[in-house]
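For reference, the structure discussed in these notes is given below.
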Amino acid sequence: MLVFESDSNNLAICAIVTVGMQLSFFFVACTFKFDKVTDFAGGTNFVVLAILTLVLTAQFHWRQITITVCVILWGLRLSGYLLYRIIKIGEDDRFDDKRSNPLRFLGFWTFQAVWVFTVSLPVIFVNAPFSLFLHPSYDNVTPMDIVGFAMFALGLFCEAVSDQQKFNFRNDPSNRGKWCAVGLWRVSRHPNYFGEICLWLGLFLVSASIAEGAQWTGALSPAFTAAILLFLSGIPLLEQKSDARHGGKEEYLAYKASTSPLIPLPTSLYAALPGCFKCCFLCEFPIYNKLDRTDSESTPIR
C-alpha cells in the first residue's frame with residue numbers, strides 16, 4: 001500500500017514517522033532533563049520503520065520478512081542494552097553541555113532522526129511496493145542475499161558479544177583504571193563498531209540484489225554508519241579518551257601498536273604490517289593517534 005501515490009518507496013511516511021518519534025522523545029528529555037531515553041529512542045525507531053514498511057506492503061515475501069526480523073533483532077538488542085547500561089551508569093556525559101540548552105539538545109535529536117532514516121534505507125527499499133511491482137523474480141535467492149545475511153549475522157554476533165564483554169569487564173571492580181583487552185577486544189580495539197558496519201553493509205547487499213534506480217541510494221546506509229564511527233563520534237573520540245587516560249602506560253602503548261583499530265586480526269600479524277598498509281586498508285588513521293610519537297615508536301611490541 002502506498003501512503004502517498006507519488007512515493008512508490010514509502011520514503012515520505014518513514015521520514016514523517018521518524019521525525020515525529022524523535023521530536024516526541026526530545027520534548028520528554030528536554031522537559032524533564034532526562035537523557036536516559038536517547039539511545040532507546042534511536043534503536044526502537046529502526047524497529048518501528050521496519051515493521052511499518054512491512055505492514056504497509058501487505059505482501060510478506062521471504063526477503064521482506066527476513067530483513068525485517070534482522071532489523072528488529074538488532075534494534076531491540078541495541079536499544080535494550082543501551083537503556084540498561086545508562087540506567088546503571090546514570091547520566092550520559094555526552095549531554096553535559098546540552099541539557100540546559102534546548103537548541104543544542106535539539107541538534108542531537110535532529111541528527112539522530114537523520115541517522116535513523118538514512119541507515120534504514122535498505123529495509124525501506126526491500127519492503128517497498130515499488131520493489132515488488134518491478135521484480136517478478138523478487139522471491140529468488142541471489143548470491144548477494146546469502147553474502148548479505150551472512151555479513152549481518154557476523155556483524156550482530158561481533159557487536160553483541162563485544163558489548164557484553166566490555167560491560168562485564170567494566171563492572172568488575174578489579175578492572176578499575178584498566179582498558180578492555182579481553183575476548184574480541186584482544187584482537188580489535190573497537191570490535192563492536194566492526195560489527196555495526198559489517199551488519200549494515202550486509203543489509204545493503206540484500207537490498208542491492210533487487211535495487212533499481214534511486215534505490216541504490218541504500219548505499220548511504222553503510223557509508224553513513226562507517227563515516228560516523230570512523231571519523232566523527234565513534235573511534236576518534238574513544239581513542240582520544242583512551243590515549244589521555246592510559247597514554248603513559250607502556251602496556252597500553254604496546255596494545256595499541258599491535259591491535260587493529262577495527263577489523264579483528266591476530267596481534268602478531270597486525271604488528272608486523274607496515275604503517276602505510278594499516279592506514280590504507282585497516283583504518284589505522286593518523287587522527288586516532290593522540291600519543292607522543294617518540295614514546296609510542298620506541299615502545300617494544302609484546
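The values are calculated or read from the model by the stated rules, or taken from the named source; none is laboratory data. Quick caveat, the model's predicted, so the values are computed rather than measured. All Cβ positions, even for glycine, are placed from backbone atoms using ideal geometry, and neighbour counts span all protein chains on display.
At-a-glance table
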item: Any hit, segment 238-249, residues being crowded, with 17+ Cβ neighbours inside 10 Å, touching a Pro at 6+ places or on another chain (Cβ under 8 Å) and either among the aliphatic types (A, V, I, L, M) or on the phi > 0 side of the Ramachandran plot (or both); result: no
item: Filter result for the condition that a residue is surrounded by fewer than 21 Cβ atoms within 10 Å (Cβ to Cβ), free of Cβ contacts under 8 Å to residues at least 40 places away in the same chain and touching a helix residue (DSSP H, G or I) at 6+ places or on another chain (Cβ under 7 Å), over VAL147, VAL187, VAL161; result: VAL161
item: Test: residue in segment 240-262 that is under 16 Å from VAL119 (Cα atoms) and in a helix (DSSP H, G or I); result: no
item: Lone qualifier among PHE204, PHE194, PHE231 - being surrounded by fewer than 20 Cβ atoms within 10 Å (Cβ to Cβ) and not assigned by TED's automatic domain parsing to the domain that holds CYS70; result: PHE231
item: Close pairs (8 angstrom Cβ cut-off, 6 or more residues apart or separate chains): assigned by TED's automatic domain parsing to the domain that holds VAL47 and among the charged types (D, E, K, R) in segment 78-89, surrounded by 14 or more Cβ atoms within 10 Å (Cβ to Cβ) and part of a helix (DSSP H, G or I) anywhere; result: ARG85/PHE167
item: Residue check for VAL141: modelled with pLDDT under 95 and of a type in the set (A, V, I, L, M); result: yes
